[in-house]
């Protein structure tokens, strides 16, 4: 039988950990409606000009939700469903109405060797078929590791294509080495060519598409609606999830600096800052396991304009972050307990749409 003092200490520890996550208030002034039901893992989704929704299921299915029907898109590339990898993000070109290009991230083997790594492709929709496929980037080497594919996609105001690739569990090898893929944010022209002002273009053996490095596993990326800067968030280990503003050539520190520790409780490093390494705009400790990211600009939620939304996989809510001078000054839980929040976008109608694992895509509705 456990000693009473041990049980008391365990209870105090459990209460403390719970309180650490309960400090943020729960929003009760909004409800939600399930728009697309019965989705397993809506890793990414995008709105087409006609109001239909293109949805990537991590398992490898692309679904067009149109007129309240799910239509499966055919002729997808070969997708490896490996651990955290599969069919992941989807984004439309800013001039999609004119050129029809859509962009996807997925885990691919590319027949190089066993395992997989992240690929970025652009393609077009012809009816219910994916056509004109062009692989723009294929990270190498493949690995049988199942973690940290990254894979968010965003465009800036100049139509540069940004995407994230996680360090694939190789923290001591990949993120600090610009000659290797993984643990990076990349920037390309929309056709996959390398911009002539990318920061490592002239460095021998460097991966020329790299824009920033020292990342762990960025699964959130979006453009700031006013500044046009690219914002990301990334998973820390146990603690240390981060929000960052991405700048050319900068080192974001992983694993040389971190606010997290190993999952079994030991230190990764005793340093949280070093010269030449960027500090996060915000970090979570304990980790919330962030996925999906969007700014609010809609008049439907007037008090929320300028706020940042971040999904929590671990604690199953949507985090509304109030910003002041690029600092998170307040957080509130939306959709508390709904399920693992994987993706979030503001729709063309101004409503916030959220992809929730084993639920579907839901719309947040203010209560009258």
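Residues are listed down the side, and each one gets a yes or a no for (1) touching a strand residue (DSSP E or B) at 6+ places or on another chain (Cβ under 7 Å); (2) more than 22 Å from residue 161 (Cβ to Cβ):
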residue	(1), (2)
214	yes, no
226	no, no
241	yes, yes
247	yes, no
260	yes, yes
Exercise. Could you pull out the residue among 92, 102, 54 that is in contact with a helix residue (DSSP H, G or I) (Cβ under 8 Å, 6 or more places away or on another chain) and closer than 25 Å to residue 157 by Cα?
Key: 102
Quiz item: So which of 124, 138 is farther than 28 Å from residue 65 by Cα, more than 17 Å from the chain's Cα centre (by Cα) and modelled with pLDDT of 95 or more?
Solution: 138
Quiz item: Name the residues in the stretch 159-177 that are in a loop (DSSP other than H, G, I, E, B) and under 15 Å from residue 247 (Cα atoms), would you?
Solution: 160
Practice problem: Any residue in the stretch 120-135 that's on the phi > 0 side of the Ramachandran plot: show its pairings with residues that are surrounded by 13 or more Cβ atoms within 10 Å (Cβ to Cβ) and assigned to a strand (DSSP E or B) at Cβ separation under 6 Å, as long as the two are six or more apart or on different chains. | Solution: 132/123; 132/124
Quiz item: Which numbered condition trips up residue 157, out of (1) surrounded by fewer than 16 Cβ atoms within 10 Å (Cβ to Cβ); (2) under 20 Å from the mean Cα position of the chain (by Cα); (3) closer than 19 Å to residue 208 by Cβ?
Solution: (3)
Exercise. Mind checking which strands (runs of 3 or more DSSP E) fall wholly inside the stretch 314-368 and carry at least 1 residues that are at positive phi and modelled with pLDDT of 95 or more?
Key: 360-366
Practice problem: Please give the number of the condition residue 250 fails out of (1) surrounded by 15 or more Cβ atoms within 10 Å (Cβ to Cβ); (2) touching a residue at least 40 places away in the same chain (Cβ under 8 Å). | Solution: (2)
Quiz prompt | Scan of the stretch 80-109 for residues that are free of Cβ contacts under 8 Å to residues at least 40 places away in the same chain, over 19 Å from the mean Cα position of the chain (by Cα) and more than 14 Å from residue 146 (Cβ to Cβ), ordered by number | solution = 98, 99, 100
Quiz item: Taking the condition at pLDDT 90 or above, touching a helix residue (DSSP H, G or I) at 6+ places or on another chain (Cβ under 9 Å) and closer than 27 Å to residue 346 by Cβ, does residue 49 pass?
Solution: yes
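The values are calculated or read from the model by the stated rules, or taken from the named source; none is laboratory data. Bear in mind the structure is a predicted one, so any value in this text is a computation, not a measurement. Here the Cβ is made from the backbone with ideal geometry for all residues, glycine too, and neighbour counts use every protein chain on show.
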